[in-house]
1. Out of (1) surrounded by 10 or more Cβ atoms within 10 Å (Cβ to Cβ); (2) over 28 Å from Asn151 (Cβ atoms); (3) within 28 Å of the chain's Cα centre (by Cα), the odd one out for Arg130 is which?
2. Quick check on the stretch 296-352: of everything there that is in a loop (DSSP other than H, G, I, E, B) and among the small types (Gly, Ala, Ser), which residue is nearest to the chain's Cα centre (by Cα)?
3. Please indicate, with yes or no, whether at least one residue in the stretch 109-118 is in contact with a strand residue (DSSP E or B) (Cβ under 6 Å, 6 or more places away or on another chain), assigned to a strand (DSSP E or B) and among the small types (Gly, Ala, Ser).
4. Say we look at the stretch 51-73 and pick out the residues that are acidic (Asp, Glu) and not in a helix (DSSP H, G or I); which of these is farthest from Phe19 (Cα to Cα)?
5. Determine, yes or no, whether Glu264 is surrounded by 15 or more Cβ atoms within 10 Å (Cβ to Cβ), among the charged types (D, E, K, R) and closer than 30 Å to Phe310 by Cβ.
6. Filter the stretch 32-50 down to the residues that are part of a loop (DSSP other than H, G, I, E, B) and not hydrophobic (A, V, I, L, M, F, W, C) and list them by number.
7. Please specify each residue of the stretch 312-334 satisfying the condition of being in contact with a helix residue (DSSP H, G or I) (Cβ under 6 Å, 6 or more places away or on another chain) and within 20 Å of Leu266 (Cα to Cα).
8. Which condition does Lys89 not pass, out of (1) under 30 Å from Gln15 (Cα atoms); (2) in a helix (DSSP H, G or I), if it passes all the others?
Amino acid sequence: MNKAYRFRIYPNSTQKTMFAKTFGCVRFIYNKMLGDKIEYYKEHKKMLKNTPAQYKKEFEWLKEVDSLALSNSQLNLESAYNNFFRDPKIGFPRFKSKKYDKNSYTTNCVNGNIAINGSMLKLPKIGLVRLKQHRKIPLHYKLKSVTVSQNTSGKYYASILFEYEKQVSNKDVKSFLGVDFSMKGLYKDSNGQEAEYPRYYRRKEARLKKEQRKLSLMEKGSKNRDKQRKKLARVHEKVANCRKDFLHKLSRKLANAYDCICIEDLDMKAMSKALNFGKSVCDNGWGMFTTFLKYKLEEMGKRLVKIDRFFASSQICSECGCKNSEVRNLAIRSWLCPDCGKYHDRDTNAAINIRNEGMRVANALT
């Protein structure tokens, strides 16, 4: 199994320059290889097989950076092509922008070229970089690769991937929980409890507007604009960190308490556009929450069951199974079953139906 740890690193001025050079070379080789592939296909109607090594004679400054970082850039390009041919809806590989794309590169551990020595991280072509290690790494973990990245506020991070052996035995499913997505509180479960998500973005929205307004009035290319850009980025970073911390703790709590959690397989991107609730949908971080929940459950031998998105969970009475089409209207938050007379809270009823359907799917798979 693989596990990644993300640590903050503190490079000195020389190392920052080297990181910037590596980011630029990785972006350059990706764009150069992609451009050559496109031109070659237009002329010969065949796919060009090019590698970073063949460009080092023409561009000698590529030799100054880690060769494995360039090789991983080639692998990323090949992966983008494979994804496009597998599903054209994903889109054709695009050129990386210096202005908008994230600064990052990945290098692999070969013959001890990467190591953690106390509070220092050894990286090829960079040397020893000061590392803030917030948790201990087990001795039997084997270091595989490191991804160095720089966020918009200027901070540097190292995501270190480890490989380890662990036998995960599937547990007997005894306890089920149904979870229905909620626009305001993240979700409501089949027990009638809410996540009580604090809505961090909405809390900071006024501050973000203020800082964004200041940024828009400043002259492009000026030092003051760059300072204000970083100030705005730190506010966004604070919101993202708070959200991630809350979702990690909540997903861990649920993974420890239940053997199987049932959710709907929702298309959040389409929902945010169709319902005009883009800010609320993105603020909740439902996709991130389900990702955290899935890997935490799998590590413990438990299960996450996704119900078909077209399953009418809100319209079906969880007591008698009667379907009430009038509940399609999202303004209806509670309703009375016309058959059995059971009074339902919309979200709790939907969560119970999701749990029941998840139990059926889980039993069918075993």
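The values are calculated or read from the model by the stated rules, or taken from the named source; none is laboratory data. These figures come from a predicted structure and were not determined experimentally. Cβ sites come from the backbone with ideal geometry, for glycine too, and all protein chains shown count toward neighbours.
1. (2)
2. By that ranking, first place goes to Gly301.
3. So far as the stretch 109-118 goes, yes, one or more of its residues are in contact with a strand residue (DSSP E or B) (Cβ under 6 Å, 6 or more places away or on another chain), assigned to a strand (DSSP E or B) and among the small types (Gly, Ala, Ser).
4. Glu58
5. Spelling it out, Glu264 is indeed surrounded by 15 or more Cβ atoms within 10 Å (Cβ to Cβ), among the charged types (D, E, K, R) and closer than 30 Å to Phe310 by Cβ.
6. Lys45, Lys46, Lys49, Asn50
7. Of everything in the stretch 312-334, those that are in contact with a helix residue (DSSP H, G or I) (Cβ under 6 Å, 6 or more places away or on another chain) and within 20 Å of Leu266 (Cα to Cα) turn out to be Ser313, Ser314, Gln315, Ile316, Arg333.
8. (1)
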